[in-house]
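Working notes, beginning with the structure itself.
The values are calculated or read from the model by the stated rules, or taken from the named source; none is laboratory data. Just so we're clear, the structure is a prediction, and the values are computed from it rather than from any experiment. Glycine also receives a Cβ, built like all others from the backbone with ideal geometry; neighbour counts cover every protein chain displayed.
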Amino acid sequence: MIGNKKPPDSPLRAIKQYCLDCSGDSANERTQCPSKECPLWSFRQGKNTLRKKRVLTEEQKIKQVLRLKVARGE
């Protein structure tokens with residue numbers, strides 16, 4: 001632990017923290033960051049914006065619902 005800051009527990013949170021430090025601890029400045037040439041720019045909000053959204057078929061959705069019910073013991 002550095003100072004009173006807790007170390008990040010994931011790479012995306014580490015990037016988010018880095019961007020927050022870079023922007024002078026201003027969350028507003030981090031969201032409006034103009035440095036698009038920075039390799040971390042896409043990840044500055046703590047999310048991977050480059051990841052493609054997963055598209056499921058109806059059959060896959062039904063299988064997931066059934067697996068969740070079994071896991072919950074329903």
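Kindly list, by first and then second residue, each pair from a residue in segment 49-60 that is closer than 20 Å to K36 by Cβ to a residue that is hydrophobic (A, V, I, L, M, F, W, C) and not in a loop (DSSP other than H, G, I, E, B), limited to pairs with Cβ atoms under 8 Å and residues at least 6 apart or on different chains.
That search, which allows pairs on different chains as well, returns T49/F43.
Every residue in segment 13-50 that is on the phi > 0 side of the Ramachandran plot, small (G, A, S) and over 14 Å from the mean Cα position of the chain (by Cα), please.
From segment 13-50, those on the phi > 0 side of the Ramachandran plot are 24-25, 46; that's our starting set.
When the remaining residues are screened for being small (G, A, S), the result is 24, 46.
Matches in segment 13-50: G24 only.
Can you tell me which residues in segment 41-61 are closer than 15 Å to K16 by Cα, exposed (fewer than 14 other Cβ atoms within 10 Å of the Cβ) and among the charged types (D, E, K, R)?
K47
Return the residues of segment 7-17 that are of a type outside the set (A, V, I, L, M, F, W, C) and either at pLDDT 85 or above or surrounded by 10 or more Cβ atoms within 10 Å (Cβ to Cβ) (or both); say none if nothing qualifies.
If we filter segment 7-17 for residues that are of a type outside the set (A, V, I, L, M, F, W, C), which is where we start, we get 7-11, 13, 16-17.
Residues satisfying the conditions are P8, P11, R13, K16, Q17.
A quick yes/no check of all residues on (1) among the β-branched types (V, I, T); (2) over 26 Å from K6 (Cα atoms); (3) in a loop (DSSP other than H, G, I, E, B):
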| residue | (1), (2), (3) |
| --- | --- |
| Y18 | no, no, no |
| D21 | no, no, no |
| P34 | no, yes, yes |
| S42 | no, no, no |
| N48 | no, no, yes |
| R51 | no, yes, yes |
| R54 | no, yes, yes |
| E59 | no, yes, no |
| K63 | no, yes, no |
